[in-house]
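Please read the structure below before turning to the comments.
Laboratory data are not the source of any read-out in this text; all were calculated from the coordinates shown. Predicted model only: the values in this text are computed from it and were never measured. Every residue, glycine as well, gets a Cβ built from its backbone with ideal geometry; the counts of neighbours run over all protein chains shown.
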Amino acid sequence: MKSKVNEIQISYREKISTLKSEPINSSQDAARLLYEHWDKNTIGLHETFKILLLNNSNKVKGVFPLSTGGLTGTVVDVRILFAIVLKTLSVGILLAHNHPSYKTRPSEADLTLTKKIKKAAQLFDVRLLDHLIITPNGDYYSFADNGDL
């Protein structure tokens, strides 16, 4: 008797084509792209955590919405995050989540999670380029630019 194994199916393209995208060269490039593709009806309502998946030339392979939470937080399962990264053969990632409060400063939980993901990325030889906090008006905070990465 064969046992059925659950398959993880990933749909990670969000109106972005690798061939048409410009390389991500700065936090400003990434923030602009993410804000442009964020649902403006929900960016001020609840937190969403996304992964920007990159190829070796820092071109965007896709954006995957990993989790959606409440007004002040969302749960990120690092195992699922890396299942997506590995299944899509991404060599670089950029993390992003929104703050409906319009505050760009990272919380202690944001800093702790970023360190945990960075450590895991190193084990898989995946480059963690940045973690951005995006606000409903398009302002952003870059962990890399502020020395928090």
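Observations
- Full-stretch length increase - residue 148, residue 71 - with 0.36 nm per residue and alpha-carbon distance subtracted: 25.4 nm
- Structural descriptor for the chain: relative contact order 24 percent, calculated from alpha carbon pairs under 8 angstrom and at least 6 residues apart.
- DSSP bridge pairs, the chain: antiparallel proportion in percent, nearest 5: 70
- Signed unit charges on C-beta, dipole axis of the chain, positive-most listed residue 133, 81, 143: 81
- Sites residue 116 and residue 55, calculated FRET efficiency, Cβ-Cβ separation with R0 35 Å, nearest 0.05: 0.90
- Long-range HN-HN contacts of residue 96 with modeled amide H, under 5 Å: 50, 52, 132
- A Förster distance of 30 Å, applied to the separation of the beta-carbon atoms of residue 101 and residue 125, puts the FRET efficiency at 0.25.
- Spread over its residues, the convex hull of the C-alpha atoms of the stretch 27-134 is 90 Å³ per residue.
- Computed extension gain for residue 79 through residue 109, at 0.36 nm per residue and net of the alpha carbon distance, reaches 9.1 nm.
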